[in-house]
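Down below is the structure, laid out as structure tokens.
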Amino acid sequence: MQPIVTNALTKKFGDFTATNAITFEVKQGEIFGFLGANGAGKTTAMRMLCGLLRPTSGEARVAGYDVYTQADKVKRNIGYMSQRFSLYEDLKVKENIRFYGGIYGLGNEAIREKTRQLLQKLEMEAEADLLVSALPLGWKQKLAFSVAILHDPSIVFLDEPTGGVDPITRRQFWDLIYEAASRGVTVFVTTHYMDEAEYCDRVSIMVDGRIQALDTPRQLKAQFGADSMDDVFLKLARGK
Amino acid sequence: MRTIFFLLQKEFLQIFRNRSMLRIILIIPIVQLVILSNAANYEVKDLSIDVVDHDLSSWSRRLTHKLTASGYFRLNRQTFDREDGFRDLQRDQADIVLVIPPHFERDLVREDKVTLQLLVNAINGSKAGLANAYAGSIIRDFNRNIRTEWLALDERNGPPVIAVTFSNWYNTRLDYKIFMVPGILVVLVTMIGAFLSGMNIVKEKEIGTIEQLNVTPIRKHHFILGKLIPFWIVALFELAFGLLVGKLVFSLPMAGSLWLVFLFAAVYLWVMLGMGLLISTFTETQQQAMFIAWFFVIIFMLMSGLFTPVENMPHWAQVITWFNPIAYFVKVIRMVLLKGSGWADIQFFLLVMLGYALVMNGIAIWNYRKTS
């Protein structure tokens, strides 16, 4: 069964249709890039899939659960990381890990073990007792991602996870994403960086609430006769 | 339960890591109690009086002396010119001017009748009323003395006078502070209940972490309890701390059971926490939440009977106080601490608070949406 399946998923705010009957599937262990200009409806679609927003019509199943009736089960099985926030700046690194581990129902022993592994992987053992506010942005984002998958969700949603950091840190961040995907975690990621779109297994591009293109980066470039994802994006977003 | 435990742990870490918060928790009670209860004093003493004495007789001097010896009046100026008195009233140097007419003594002796004039600065109505009443009663007393002296009667055979003796119950020395301290304790716990809880929830909206919490399996009631319980505990701690300061600094009497005070506070706080929660459901920034909470708290506070007795309000305003939680707590804490009221006396008020808490939290929870 596919981790994310939607059918004509629609969200209207009054007369405005933010997401217009989008239909797509995401495969297990895939890195799925969800692209679109600002205001194209990406965030609305993502919020519906996470159970934060109730769709106006259409169907969506995430991790096998219906987003209308089983939002709690959906939440238990996904991880989520939004662009700026998610960690508490006035808590220490290990306190953040402990808090999120705790509310996902991990036992004390599991929290201790996970904390150790996570800090080791990020090479942040020395920073465990620092307040998150004292960390550089890139570190915060890597930490936030690791915390979002602390409870071993089958899907992780990333909403512009690398905004505002340097290319090297972004590269390191994507190493973390690859590593998670290799363990079978499905990654659903929105981004404005077209070089990141090239890293994805498949990419969808939203324009005005609709999905206008959905394929592998290679196929998309061939389809639109473009050299890079940047060109593909510009052709789609402008070519109305 | 485990979820709530982790939420509480997080909140307490954040509260105690916030230095200004710690200062607020420890310094506010001391400042409020020590300064406010000394300043909010309604005893009227030392009224300054101008005596315009056109007579300068032994009787007029006796009257002046009687007024200043009473302890309520301080002689500001003694003059022959009424204009001096007017000027002092205008400059706010005199609260009251007594004008003794020429031939005061002569008319008193010959005509058995004389008229005095009292001019009262009535900008502050209650002070003016008291000044007028004090002066009036001293002059009446003076009048009675004259009559007994002239009739050469001693007091025992004098004209019948009803003498009233009285004793002040529950606050025998009419110490205003003892009356104010319990009320100020109410203000203290109210601030924490109504302000901090709501602002804390809105803060998570402001910095965006609420989004992250909303995608976790945390349930609505977990989140709400995790937010309200810490401030419930902090406020009860504040009450205990405030009572201790009251006891040590003001020798606040504790005639009734402290358990009753805490029981009532525990229920009362859920009303205030519910109000904070409700405000947080329809505000997006801490500024908005603060402003709305302030709006309600200031009205509740001024109409609570803390500073002015509820019984002095017009009837419609008294009806409003039936819905004023602060008024209930002010009343109950004074009843229990000063008067020693027991369970039977306060159970009705406690029930009202319980109902209020349920309604307030019910609306707040109903209004609180985890998904939109």
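The values are calculated or read from the model by the stated rules, or taken from the named source; none is laboratory data. Bear in mind the structure is a predicted one, so any value in this text is a computation, not a measurement. Counting neighbours? That spans all protein chains shown, and the Cβs are built from the backbone with ideal geometry, glycine included. To get the accessible areas, we keep the full protein, side chains included, count just its heavy atoms, and leave off ligands, DNA and RNA. Shrake-Rupley method; radii C 1.70, N 1.55, O 1.52, S 1.80 Å.
Compare B:T283, B:T190, B:T165 in a GNM of chain B, Cα atoms joined below 10 Å, and give the one with the largest fluctuation.
Maximum among the listed residues: B:T165.
Limiting things to C-alpha atoms, what are the Rg and the maximum Cα-Cα separation (Dmax) for the range A:4-238, in angstroms?
17.9, 54
Roughly what % of Cα-Cα distances in the range B:316-359 sit above 18 Å, to the whole percent? Present the calculation step by step, with values, prior to reporting the outcome.
On the way: 268 of 946 pairs.
So the portion of pairs separated by more than 18 Å is 28 percent.
Could you list the square roots of 5 times each eigenvalue of the Cα gyration tensor of the range A:151-240, that is, the equivalent ellipsoid semi-axes, sorted largest first and rounded to whole Å?
Values: eigenvalues 115, 43, 32 Å².
The equivalent ellipsoid of the range A:151-240 has semi-axes of 24, 15, 13 Å.
Largest first, how would B:S60, A:S133 line up by accessible area (1.4 Å probe)?
On the way: B:S60 0, A:S133 60 Å².
From most exposed to least exposed: A:S133, B:S60.
Tell me, what is the per residue accessible area of the range B:267-372 in Å², probe radius 1.4 Å? Intermediate results must be reported in sequence, preceding the final value.
Working: 5290 Å² over 106 residues.
On a per-residue basis, 50 Å².
What percent of all Cα-Cα pairs in chain B falls in each 20 Å bin, counting up from 0?
It works out to 23, 40, 24, 11, 2, in whole percents.
On average over all directions, what projected area in square nanometres does the range B:1-99 have, based on the convex hull of its Cα atoms? Don't skip to the answer; put the middle values down first.
On the way: hull surface 43.5 nm².
Mean orientational projected area (the range B:1-99, Cα hull): 10.9 nm².
Please turn the phi angles of the range B:101-113 into ³J(HN,Hα) values with the Karplus equation 6.51 cos²θ - 1.76 cosθ + 1.60 (θ = phi - 60°), one per residue in order, whole Hz, x for glycine and proline.
Along the range B:101-113, the couplings run x, x, 6, 4, 5, 5, 5, 4, 6, 7, 8, 6, 7 Hz.
Can you show me the helix-derived [θ] at 222 nm for chain B, built from DSSP H runs with n ≥ 4 at -39,500 (n - 2.57) apiece and divided by the number of residues, rounded to the nearest 500. Let's see the in-between values first.
Working: 15 runs with 230 residues, N = 372.
Computed mean residue ellipticity for chain B: -20500 deg cm²/dmol.
Keeping every protein chain present and rolling a 1.4 Å probe, give me the accessible area per residue for chain A in Å².
Values: 10330 Å² over 240 residues.
Accessible area per residue: 43 Å².
As a test of understanding, state the convex hull volume per residue of the range B:123-277 from its alpha carbons, in Å³. The partial results should precede the final answer.
On the way: hull volume 28.0 nm³, N = 155.
In the range B:123-277, the Cα hull volume divided by residue count equals 180 Å³.
Need the C-alpha centroid separation for the range B:294-372 versus the range B:230-258, integer Å.
Their Cα centres are 19 Å away from one another.
Using alpha carbon centroids, what distance separates the range B:1-40 and the range A:140-188, in Å?
37 Å
Relative to the longest principal Cα axis of chain B, at what angle does helix B:19-31 sit, 0 to 90 degrees, rounded to 10?
Tilt of helix B:19-31: around 30 degrees.
Specify, per residue and in Å³, the volume enclosed by the convex hull of the alpha carbon atoms belonging to the protein assembly as shown. Could you put the intermediate results ahead of the total?
On the way: hull volume 137.5 nm³, N = 612.
Residue-normalised Cα hull volume stands at 225 Å³.
Please compute the per residue accessible area over the range B:47-157 with all protein chains in place, 1.4 Å probe, rounded to a whole number of Å². Before the final figure, lay out each step's value.
Numbers: 6580 Å² over 111 residues.
So the range B:47-157 comes to 59 Å² accessible per residue, rounded to a whole number.
Using Cα pairs under 8 angstrom and six or more residues apart, how large is the relative contact order of chain B, in percent?
On the way: 452 pairs, mean separation 69.3, N = 372.
Relative CO of chain B lands at 19 percent.
If you line up the long axis of helix A:93-103 against the longest principal axis of chain A, both from Cα atoms, how many degrees apart are they, to the nearest 10?
For A:93-103 against chain A, the angle is about 70 degrees.
A:T17: accessible area at probe 1.4 Å, nearest 10 Å²?
Approximately 40 Å² of A:T17 is accessible to the 1.4 Å probe.
As a test of reading the structure, rank B:L47, B:L26 by solvent-accessible area (1.4 Å probe, protein chains only), most first. Write out the running numbers ahead of the final one.
On the way: B:L47 0, B:L26 80 Å².
Reading off the accessible areas and sorting them downward yields B:L26, B:L47.
By accessible area of protein heavy atoms, probe 1.4 Å, what ranking do A:D227, A:D208, B:D141 get, highest first? Numbers along the way, then the final one.
Numbers: A:D227 140, A:D208 100, B:D141 50 Å².
So the residues, ranked largest to smallest area, are A:D227, A:D208, B:D141.
By DSSP, what percent of the beta bridges with both residues in the protein assembly as shown are antiparallel, rounded to the nearest 5?
Numbers: 24 of 53 bridges.
Percent antiparallel among DSSP bridges in the protein assembly as shown is about 45.
Can you send over the solvent-accessible area of B:F282, 1.4 Å probe, protein chains only, in Å² to the nearest 10?
Only protein atoms counted, so the area is about 110 Å².
If you wrap a convex hull around the Cα atoms of the range B:47-157, how much volume per residue is inside, in Å³?
Numbers: hull volume 10.7 nm³, N = 111.
Output value, Cα hull per residue: 97 Å³.
Would you mind checking A:K75/A:K142; B:K177/B:K339; B:K247/B:K339 for any pair whose Cα atoms are more than 19 angstrom apart? Could you put the intermediate results ahead of the total?
Working: A:K75/A:K142 21 Å; B:K177/B:K339 15 Å; B:K247/B:K339 16 Å.
Pairs exceeding the cut-off: A:K75/A:K142.
What is the average number of partner chain Cβ atoms found within 10 Å of a Cβ in A:98-108?
Rounded to a whole number, the mean comes out at 5.
Taking every DSSP beta bridge that has both residues in the range B:47-157, what percent is antiparallel when rounded to the nearest 5?
Values: 4 of 15 bridges.
Bridges in the range B:47-157 that DSSP calls antiparallel: roughly 25 percent.
Suppose R0 equals 25 Å. What FRET efficiency, 1/(1 + (r/R0)^6) with r the Cβ-Cβ distance, do B:S257 and B:I299 give to the nearest 0.05?
On the way: r = 31 Å, r/R0 = 1.24.
About 0.20, to the nearest 0.05.
Which lysines have a Cα less than 24 Å from the Cα of A:K235, not counting those fewer than 8 places away in the same chain?
The qualifying lysines are A:K42, A:K221.
Please compute the average number of Cβ atoms from other chains found within 10 Å of each residue's Cβ in peptide A:71-78.
Details: counts 4, 3, 1, 2, 7, 2, 1, 3.
The mean count of partner-chain Cβ atoms within 10 Å per residue comes to 3.
Leaving ligands, DNA and RNA out of it, report the carbon-plus-sulfur percent of the accessible area of the range A:84-193 at a 1.4 Å probe. Write out the running numbers ahead of the final one.
Numbers: 2390 of 4480 Å².
For the range A:84-193, the apolar C and S fraction of the accessible surface comes to 53 percent.
Highest GNM mean-square fluctuation, chain A, Cα pairs closer than 10 Å: which of A:I168, A:I205, A:I31?
Judging by the Gaussian network model, the answer is A:I168.
Quick one: buried accessible area between B and A, total over both chains, 1.4 angstrom probe, nearest 100 Å²? Show your work: numbers first, answer last.
Details: alone 20760 and 11600 Å², together 29710 Å².
Answer for the B-A pair: about 2600 Å² buried.
With an 8 Å Cα cut-off and a minimum separation of 6 or more residues, compute the relative contact order for chain A in percent. All intermediate terms of the calculation are to be shown ahead of the outcome.
On the way: 436 pairs, mean separation 63.9, N = 240.
Taking the mean separation of contacting Cα pairs over the length of chain A, I get 27 percent.
Could you work out which residue, out of B:V336, B:V109, B:V352, moves most in a Gaussian network model of chain B, that is, has the largest mean-square fluctuation with Cα springs under 10 Å?
B:V109
Give me the percent of the accessible area of chain B that comes from carbon and sulfur atoms, probe 1.4 Å, all protein chains in place.
Working: 12030 of 19370 Å².
Whole-percent figure for carbon plus sulfur exposure: 62.
Rounded to the nearest 5, what is the percent of antiparallel bridges among the DSSP beta bridges in the range A:4-238?
Details: 20 of 38 bridges.
Roughly 55 percent of the beta bridges in the range A:4-238 run antiparallel, per DSSP.
In degrees, nearest 10, range 0 to 90: what is the angle between the Cα axis of helix B:197-207 and the longest Cα principal axis of chain B?
50 degrees
Hey, how many Å between the Cα centroid of the range B:80-152 and the Cα centroid of the range A:5-27?
87 Å
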